[in-house]
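Engineer: I'd like to ask you about the structure that follows.
The values are calculated or read from the model by the stated rules, or taken from the named source; none is laboratory data. Values in this document were obtained by computation on a predicted structure and should not be read as measured data. Positions of Cβ are backbone-derived with ideal geometry, glycine not excepted, and every protein chain shown enters the neighbour counts. Calculation scope for accessible area: heavy atoms of the full protein, side chains included, ligands and nucleic acids excluded. Shrake-Rupley method; radii C 1.70, N 1.55, O 1.52, S 1.80 Å.
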Amino acid sequence: MYLLEFDAEGGVPMHRWIFRLLFVFIASTSFVQAQSSSSVPAARLAHIRHGINLSEWFAQVYDPKGYTKEHFQNWTTATDIALIKSAGFDHVRLSVNPQPMMDAARHREGSAEYFGYLDAAVKMILDAGLAVEIDMHPDSDFKERLAKEDDFVERFADFWSTVAQHYASWDPDRVFFEILNEPEMRDAYRWYGVEAKLAAAIRRGAPANTIIAAGARWDDDDDLVFLEPLPDANVVYVFHFYEPHIFTHQGATWGSYYWHWLKGLHYPSSPENAAQVAVAVPEARDRMQVIRYGQDHWDASRIEAEINQAADWAKQRGVPLICNEFGVFRHFSDPQDRAAWIKDVRTSLERHNIGWAMWDYSGSFGVVTNRETKAKLDEVTVRALGLKMPAGQ
């Protein structure tokens, strides 16, 4: 039974004010506690300072043959891993599509066979002296189910617990578990609940390993700053950085449709160049976006202003932060402009003590060329990343 006393203005019951004050007190207390809540060892964070993404190996495989034994054994080899190590990278982010693994588990010995391929890949990476982020990287339809189906969340949580338990006995200082790549979840509140559920499942399977947690939607920096830390101290938080997409994704046939019209858009941006490129864009609204890019004067200071927001978020909460995707689509950007953007992003991240992993090793954003014959590091990109070309390259 409540004693309903009203405030001086006669409107709001006093017990409601008490509850509000109590809520504010608890929230502020939790925030203060969160400022020093991280238990991730500095020595562990040192393993994920300079990384590269291994794409199209255990995820993003669109070949009609799908995920086959031949693909797993031949797409990325020990030679590739040795090249990554020799360039000065200290870790790789290994994208893994969970759907084929979950499907394989329905068949007798199916999951054991799939784990065998993944084990071989992780072992090859660790044997080279690299750390690995095991990144759950499903297609969009998988994430749509997580946004709508509670039962599917439960199933994915059980799967994650199995994977975490499987790798818990491997080196916990060099094996990290990334909950989900770019959740694409519009309801950020639902994502917070789903992520907490998945993190708890990972923790059941692997008490010692560090978890990597993301914001909703596309892992952008504005998704990150909406997030609040999970009730787990052994977590690193992540964001992706491709700003401005109009430059980094010019010529791309996914994302905003008008991107495919763009070619030769420079970085740093200038009004004159943007106006020239805008002429080739049919729709007035899209042309306006190109013109705005030129007027916004994107340069190193503009990038610093963006990344500084993410860095402040992490600092205020006392949690470690990484950026494990950034890069520029190669096909329609000027190589020197691309290198300048990569250098400015990398430099800003390092200024804020944020570890990074560029997207990607050998895809359309890649650090290597001539994959079909012999993988060769692109020196311009390597230098932009602050690394050195190894002998013989």
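Engineer: Which ones in the stretch 270-317 are farther than 21 Å from Ser256 by Cα and in contact with a Gly (Cβ under 8 Å, 6 or more places away or on another chain)?
Structural biologist: The answer is Ser270, Pro271, Glu272.
Engineer: Report, by residue number, each residue of the stretch 67-84 that is part of a helix (DSSP H, G or I) and more than 21 Å from the chain's Cα centre (by Cα).
Structural biologist: Within the stretch 67-84, Lys69, Glu70, His71, Phe72, Gln73, Asn74, Ala78, Thr79, Asp80, Ala82, Leu83 qualify.
Engineer: Also, I was wondering about something else. For the stretch 117-135, give me each residue that is over 19 Å from Asn97 (Cα atoms) and open to solvent by less than 10 Å² (accessible area, probe 1.4 Å).
Structural biologist: Correct list: Leu130, Ala131.
Engineer: Right, here's the next one. Looking only at the stretch 338-366, which residues are more than 21 Å from Leu265 (Cα to Cα) and open to solvent by 40 Å² or more (accessible area, probe 1.4 Å)?
Structural biologist: Thr347, Glu350, Arg351, His352, Asn353
Engineer: Here is a check on your reading of the model: is Pro231 touching a helix residue (DSSP H, G or I) at 6+ places or on another chain (Cβ under 8 Å) and buried (at least 19 other Cβ atoms within 10 Å of the Cβ)? Break it down into steps so the answer makes sense when it comes.
Structural biologist: Numbers: touching a helix residue (DSSP H, G or I) at 6+ places or on another chain (Cβ under 8 Å): yes; buried (at least 19 other Cβ atoms within 10 Å of the Cβ): no.
No, not satisfied.
Engineer: Still on this structure, I have one more. Test Tyr117 against the stated conditions and say whether it is assigned to a helix (DSSP H, G or I), touching a helix residue (DSSP H, G or I) at 6+ places or on another chain (Cβ under 6 Å) and more than 19 Å from Leu198 (Cα to Cα).
Structural biologist: Criteria met by Tyr117.
Engineer: Let me ask something else about it. Taking the stretch 367-388 as the search range and keeping residues that are part of a loop (DSSP other than H, G, I, E, B) and modelled with pLDDT of 95 or more, which one is surrounded by the most Cβ atoms within 10 Å (Cβ to Cβ)? If you could, list the steps in order and put the result at the bottom.
Structural biologist: Of the stretch 367-388, the ones part of a loop (DSSP other than H, G, I, E, B) are 367, 370-375, 378, 385-388.
Right, trim to modelled with pLDDT of 95 or more and you get 367, 378, 385-387.
On the way: Val367: 27, Asp378: 19, Leu385: 21, Gly386: 13, Leu387: 19.
So, considering only residues that are part of a loop (DSSP other than H, G, I, E, B) and modelled with pLDDT of 95 or more, the one surrounded by the most Cβ atoms within 10 Å (Cβ to Cβ) is Val367.
Engineer: Restricting attention to the stretch 64-86, which residues are touching a helix residue (DSSP H, G or I) at 6+ places or on another chain (Cβ under 6 Å) and open to solvent by less than 20 Å² (accessible area, probe 1.4 Å)?
Structural biologist: Phe72, Ile81 - these are the residues of the stretch 64-86 that are touching a helix residue (DSSP H, G or I) at 6+ places or on another chain (Cβ under 6 Å) and open to solvent by less than 20 Å² (accessible area, probe 1.4 Å).
Engineer: Continuing with this model, one more query. Suppose the filter is at pLDDT below 50, among the hydroxyl-bearing types (Ser, Thr, Tyr) and touching a strand residue (DSSP E or B) at 6+ places or on another chain (Cβ under 8 Å); does Tyr2 pass it?
Structural biologist: Values: at pLDDT below 50: yes; among the hydroxyl-bearing types (Ser, Thr, Tyr): yes; touching a strand residue (DSSP E or B) at 6+ places or on another chain (Cβ under 8 Å): yes.
In short, yes.
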